[in-house]
Amino acid sequence: MSTAGGNFANAKFSLTHVKWSEHSTGLGFACLFILATIVGWPNFLTLGNITNIVKQSSYTGIIGLGMTLVIISGGIDLSVGSMMAFSGGITIFFLNLFPPESLAGTIAAVLFCLVLGSFCGFLNGFMVTTGRMAPFIATLGTMAIFRSLIQYFSGAANILSKSKVYPLFGPAEFLKIPVPVWVFLILTALLHLLLNNTRFGRYVCAVGANEQVARYSAININLIKLVPYIITGFTVAVSALLWSSRINCIHSSGDGNGYELEAIAAVVIGGTSMTGGKGSIIGTIMGAVMLGMINNMLVLGGVSSFLQQAARGLVIIAAVLLQYKNSK
């Protein structure tokens with residue numbers, strides 16, 4: 001009898017000492033999923049709807065994966081939306097130099113886009129590290145530059161692809177799962193391993209937590225802060241490829257608008273600290289899907305589309321307040 005009582009007491013003790021803050025993202029995801037199921041019943045739980053949510057979330061979620069590393073390192077990138085339109089638009093210009101049926105030309109354009117996006121990210125990181133500019137100011141400037149350049153080169157018009165091969169990639173499916181979702185999951189796995197199982201990942205967290213201490217530990221601060229911006233440029237290019245191949249064009253003035261806020265929101269909701277030093281790639285993918293669920297829930301519930309931004313804002317504020325409470 002005493003043994004049973006002791007076991008009950010120990011179980012009660014362990015429950016009261018669970019660090020619920022460490023599981024706040026998962027709990028929030030579960031609660032939101034239940035709420036969305038109730039509001040959108042019975043359409044929400046259909047396979048087609050769930051697949052569509054993840055697919056729509058993947059475009060900004062992929063960008064959010066790179067943004068996670070930038071924010072953990074103590075930076076931020078406001079240029080990702082404009083960078084997406086710029087890299088995607090310039091890539092289509094490059095693609096149109098090849099014959100419409102050219103597979104080799106399409107492959108060359110894909111590689112070109114990845115290099116271009118990474119270079120744009122490098123420019124941001126270079127200004128932050130070597131130029132000693134505040135990340136907010138540096139990327140605010142490049143946000144305007146990238147958008148202005150692609151509008152100038154295109155005459156503020158849509159940039160249409162002439163390729164017959166390129167548009168086959170974006171809408172494609174593998175095992176009945178859209179290609180963007182596969183890319184999202186693969187990049188999530190790779191960057192999760194990079195952050196949690198490599199020396200580089202540990203250095204990123206160390207620099208974001210306390211740059212001065214990291215410098216005293218002989219960590220190459222500039223390199224560790226530069227690489228996340230390059231990775232973010234790469235993920236922006238991936239998202240630009242997936243999006244532009246889906247619609248076979250780039251809207252120079254509209255595509256990518258608000259993507260920086262969507263990506264940052266996914267990162268924050270996923271539990272990454274805006275002050276740097278800690279974060280989670282898995283949390284970011286959950287944050288991106290949560291934003292998708294909110295939009296989907298409001299649509300299925302017949303709520304005005306104008307309130308979607310308000311709902312998203314409330315979720316972001318709640319996530320930041322929860323971070324602040326847990327840090328006290």
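None of the figures in this text is laboratory data; all of them are computed from the coordinates on show. Predicted model only: the values in this text are computed from it and were never measured. Don't worry about glycine lacking a Cβ; one is built from the backbone with ideal geometry, like all the others, and counts go over all protein chains shown.
Against the chain, whose longest principal axis comes from its Cα atoms, helix 308-327 is set at around 50 degrees.
From the helices alone, meaning DSSP H stretches of at least four residues, give me the mean residue ellipticity at 222 nm for the chain, per-run term -39500 (n - 2.57), in deg cm²/dmol to the nearest 500. Could you put the intermediate results ahead of the total?
On the way: 13 runs with 233 residues, N = 328.
When only DSSP H runs of four or more count, the value is -24000 deg cm²/dmol.
Against the empirical curve 2.2 N^0.38 Å, the C-alpha radius of gyration of segment 22-327 lands at a ratio of 0.99. Sorted ascending by nearby beta carbons within 10 Å, beginning with the fewest, Asp77, Asp255 become Asp255, Asp77. Gain on full extension, evaluated as 0.36 nm per residue between Leu300 and Gln212 minus their Cα-Cα distance, stands at 26.7 nm.
Averaging sequence separations of C-alpha pairs under 8 Å and six or more residues apart, then dividing by the length of segment 22-327, give the relative contact order as a whole percent. Rounded, it is 35 percent for segment 22-327. For the pair Asn222 and Arg132 in one chain, pulling the backbone fully straight at 0.36 nm per residue adds 31.4 nm over the alpha carbon distance. Going by Cα centres, segment 233-309 and segment 90-104 are how many Å apart? Centre-to-centre (Cα) distance: 28 Å.
Across the options Gly88, Leu32, Asn222, the greatest Cα extent toward the positive end of the charge dipole of the chain (unit charges at beta carbon of Lys, Arg, Asp, Glu) belongs to Asn222.
Ranked for footprinting exposure by Cβ neighbours inside 10 Å, fewest first, Lys55, Lys278 give Lys278, Lys55. Rg and Dmax over the alpha-carbon atoms of segment 140-232 stand at 19.6, 55 Å.
Under a Gaussian network description of the chain, with springs only between Cα atoms under 10 Å, the residue in Gly279, Gly155, Gly287 that fluctuates furthest is Gly155. Helix 80-95 and the longest principal axis of the C-alpha atoms of the chain enclose an angle of approximately 40°.
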